[in-house]
Amino acid sequence: MKLRESVRIGWRAITGHKLRSTLTTVGVIIGIASVIVFMVLGGAFTENVVGDLDDESEPVMQVVTQTEPETGTGIMFVEAPIYTESDVEAIEGMDGVDYVAPSGSLPAVQLSHGEESQTGTVGVEATIPERFGNESMYPLEDGETFSPSADDEAVVSGQVARLFEDNVSVGDELSITFEDGETETVTAVGIANTTVGGQPSQPTVYLPVDSHYELTIETPDGETERAYPSLEVRAESMDDVDPTKEAITEYFETDADARELKDDEHTIAVQTVDDAVDQVAGIVDQLTVFIGGIAAISLVVGSIGIANIMIVSVTERTREIGVMKAVGARKRDIVQLFLLESVILGAIGAVVGVAAGIGLGYLAVSMLGWPMVYPLQWIAIAAAVGVGVGVLSGLYPAWRAASVDPIEALRRE
Amino acid sequence: MSTGEPASEGGSPVVARDVRRTYYMGESVDALDGVSLSLPAGSYTAVMGPSGSGKSTLMNLLGCLDTPDEGTVEIGGRSVGDLSGGERARLRGTEIGFVFQTFNLMPRLTAAENVTLPLVFHDGVEAGRHERAETLLSRVGLGDRLDHAPNELSGGQRQRVAIARALANEPTLLLADEPTGNLDTETGNEILAVFDELQAAGRTILMVTHERRVAERADRIVHLIDGELAEIEQLEGKR
Ligand SMILES: Nc1ncnc2c1ncn2[C@@H]1O[C@H](COP(=O)(O)OP(=O)(O)O)[C@@H](O)[C@H]1O
Ligand SMILES: [Mg+2]
């Protein structure tokens, strides 16, 4: 029996029950559409972040300590102060390094501006003045950066400035209360734009490291030095990033203080902006696949729906099957006929599902202002899955149809 | 009883030898109990008998839908019992045409598509199929109903479509199980006239009926009782 002939006859059967066929494919449509929507959203989100990061790409890298959690997968950051002043100086001395900004968070509990106070939401970080400025990682929206050792100057992020109903402007005084109960009053000398890749960062008050950071550690050489939980290194140009990263990585593998100070199971990582992008993309990918997987469960439901209707259809058409056998249909003709019918149902579900998924995804993405992404390989997968669902759910009904005894079928009145 | 090889001109004879078919429904029932019958080429045979006497069972065996538990059925010299399911399907699709009491048309196919249904399974050639349907339907007086669905046709018209379908493969043997059973007398007579024409054109026909009046259109009447062949009645004025 020719495939074309089966398509013609199968299509007749499908269109003979329009409502039923439509309802049958709805399950597959919903399953495939939701998978596609999530893939569009995930892809668009990544594209959005990556695009923004690429736009304002800075020759900056972060030196961080990581560990693998004992249970589960992924990577956790460790906030251990292991990067000493000697390390900072050693890296500063390397070719192609613009600055090394040590940073360490200070244990602040409350931030006040005039009558208003914020608790908990604001971080306070000790760092160096070079990070802020038009040529730096964080451009200034207003004012200037603090002087290296001033003890009453601060740069605040735009998020902090707008946190208060009475926005913080340059020259305003802020009081910071620390965990030990001490309160310091500083003047906001600059407001920095600290959004990274279009994503707002935590509202942070930045203070000069020299006048505020006191955490020290005994170095392997027996000296007492300040030590930081992470470093930010800026290369002189984008071209310097890779060689610098290599040099720094090697340094941490050979004679850095941090190498000896860190826990054995911890590792030191030097992350460029590209690495960060990859990491974000990786996490988003995992999440998308996970959510997509959940959506795929509805495909299983959809295929059960098709199988169910096909079984009903076989029962209803027992007599027709008997007739076809009487006029010469072989078992495999009947299998082909019914299998094709459920494949057509699955394929319709896939086509409509992909179209609906792209449409809905496009709508959502445009509302969020993200770039549209067509998840081509997922569209291909969805199409294959649709046909696969058709085959799987059609196998048993088709086998049942082929096993119909024509004599029994024709005796039925 | 007339067994043995009949003289045949054109087309192969169909022969049943000592055929037994037993059904088990709690206890065993011999639907056919040692029946021998041969259908010479071009013959027109009626099968009569009370309900449950094995008429349909005999027809199914001669039509390759079923195989005997004992004895043999030969079509064109080949024993049906030795054939695979696929080979028997091929035989049904190429050598045999069925006509049923309840027409048994495919409800979602047009008259023309119903007529050419047997070709779908055993003839890859699609070209000229519609013309073939037109010729066959014209022969049964339905040349103007090609694209009608079965439910748009009367009972008599449906049976004509079924006959046209049975002829689609130029079968050696035409089997009809009470073809007029669901029709009024007048329409039934029209259908019987079609069978008369087919016999005149040289077809081999076996027709099951329980009406004497209908059976008398044939050359001879085979009487079945309780699964046994009681008598073969040669009708006068026929050959
Ligand atoms: N599929 C079957 N299962 C069980 N018994 C059957 C089956 N087909 C026919 N029979 C029995 O075989 C006998 C002959 O049936 P059938 O050939 O249909 O008779 P007829 O067509 O003469 O009315 C009946 O007793 C019937 O009940
Ligand atoms: Mg019967």
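The values are calculated or read from the model by the stated rules, or taken from the named source; none is laboratory data. On a predicted model such as this, the values are computed, not experimentally measured, just so you know. Every residue, glycine as well, gets a Cβ built from its backbone with ideal geometry; the counts of neighbours run over all protein chains shown. Note: accessible area is taken over every heavy atom of the protein model, side chains too, but ligands, DNA and RNA are not part of it. Shrake-Rupley method; radii C 1.70, N 1.55, O 1.52, S 1.80 Å.
For A:Val352, the test of being farther than 30 Å from B:Ala166 by Cβ and open to solvent by 20 Å² or more (accessible area, probe 1.4 Å) is passed. Being among the hydrophobic types (A, V, I, L, M, F, W, C) and surrounded by fewer than 16 Cβ atoms within 10 Å (Cβ to Cβ) holds for only one residue in A:Ile75, A:Ile128, A:Ile82, and it is A:Ile75.
Name the residues in segment B:167-194 that are within 16 Å of ligand 1 (Cβ to nearest atom) and away from chain A (no Cβ under 13 Å), would you? B:Pro179, B:Thr180, listed by residue number.
This table checks each residue for (1) within 16 Å of ligand 2 (Cβ to nearest atom); (2) assigned to a loop (DSSP other than H, G, I, E, B); (3) within 14 Å of chain A (Cβ to nearest Cβ); (4) within 19 Å of the chain's Cα centre (by Cα).
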residue: B:Leu146; (1), (2), (3), (4): no, yes, no, no
residue: B:Asn151; (1), (2), (3), (4): no, no, yes, no
residue: B:Arg158; (1), (2), (3), (4): no, no, yes, yes
residue: B:Asp196; (1), (2), (3), (4): no, no, no, yes
residue: B:Gly202; (1), (2), (3), (4): no, yes, no, yes
residue: B:His210; (1), (2), (3), (4): yes, yes, no, yes
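Yes or no, residue by residue, for (1) within 16 Å of ligand 2 (Cβ to nearest atom); (2) open to solvent by 60 Å² or more (accessible area, probe 1.4 Å):
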{"site": "A:Gly361", "(1), (2)": "no, no"}
{"site": "A:Ala364", "(1), (2)": "no, no"}
{"site": "A:Val373", "(1), (2)": "no, no"}
{"site": "A:Ile379", "(1), (2)": "no, no"}
{"site": "A:Gly388", "(1), (2)": "no, no"}
{"site": "A:Val391", "(1), (2)": "no, no"}
{"site": "A:Leu395", "(1), (2)": "no, yes"}
{"site": "A:Arg400", "(1), (2)": "no, yes"}
{"site": "A:Arg411", "(1), (2)": "yes, yes"}
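Identify all residues within segment A:271-310 that are under 30 Å from A:Gly10 (Cβ atoms) and crowded, with 16+ Cβ neighbours inside 10 Å; write none if there are none. Listed by number, the residues that qualify are A:Ala295, A:Ala296, A:Ser298, A:Leu299, A:Gly302, A:Ser303, A:Gly305, A:Ile306, A:Ala307, A:Ile309, A:Met310.
Here A:Val50 passes the criteria (1) closer than 23 Å to A:His266 by Cβ; (2) part of a helix (DSSP H, G or I); (3) open to solvent by 30 Å² or more (accessible area, probe 1.4 Å) except the one numbered (1).
When the test is whether a residue is away from chain B (no Cβ under 14 Å), open to solvent by 40 Å² or more (accessible area, probe 1.4 Å), closer than 27 Å to A:Pro139 by Cβ and not acidic (Asp, Glu), A:Phe45 passes it. Segment B:9-117 holds helices (runs of 4 or more DSSP H) entirely within its bounds, and those carrying 3 or more residues that are more than 16 Å from ligand 2 (Cβ to nearest atom) and open to solvent by 50 Å² or more (accessible area, probe 1.4 Å) map to B:85-95. Annotation note: of A:Val209, A:Val160, the sole residue that is more than 30 Å from A:Arg259 (Cα to Cα), touching a residue at least 24 places away in the same chain (Cβ under 8 Å) and within 36 Å of the chain's Cα centre (by Cα) is A:Val160. Exactly one residue among A:Thr249, A:Thr244, A:Thr194 is surrounded by fewer than 21 Cβ atoms within 10 Å (Cβ to Cβ) and of a type in the set (Val, Ile, Thr), and that residue is A:Thr249. Any chance segment A:114-121 includes a residue that's within 16 Å of A:Arg226 (Cβ to Cβ), surrounded by fewer than 21 Cβ atoms within 10 Å (Cβ to Cβ) and polar (S, T, N, Q)? Within segment A:114-121, not a single residue is within 16 Å of A:Arg226 (Cβ to Cβ), surrounded by fewer than 21 Cβ atoms within 10 Å (Cβ to Cβ) and polar (S, T, N, Q).
Of everything in segment B:58-94, what is within 16 Å of ligand 1 (Cβ to nearest atom) and more than 23 Å from B:Pro118 (Cβ to Cβ)? Give them in sequence order. Matches in segment B:58-94: B:Pro68, B:Asp69, B:Glu70, B:Gly71.
The set of residues from segment B:51-94 being away from chain A (no Cβ under 14 Å) and at positive phi comprises B:Gly71, B:Gly76, B:Gly77. Residue count for segment A:120-167 under the criterion of being touching a Pro at 6+ places or on another chain (Cβ under 9 Å), farther than 26 Å from A:Glu179 by Cα and modelled with pLDDT under 85: the result is 1.
Would you call A:Met1 within 14 Å of another protein chain (Cβ to nearest Cβ) and not in a helix (DSSP H, G or I)? Criteria met by A:Met1.
Of all residues in segment B:196-239, those satisfying the criterion of being within 16 Å of ligand 1 (Cβ to nearest atom), open to solvent by 40 Å² or more (accessible area, probe 1.4 Å) and of a type in the set (A, V, I, L, M) are B:Ile225, B:Ala230.
Test B:Val120 against the stated conditions and say whether it is within 14 Å of another protein chain (Cβ to nearest Cβ), open to solvent by less than 10 Å² (accessible area, probe 1.4 Å) and at pLDDT 95 or above. Criteria not met by B:Val120.
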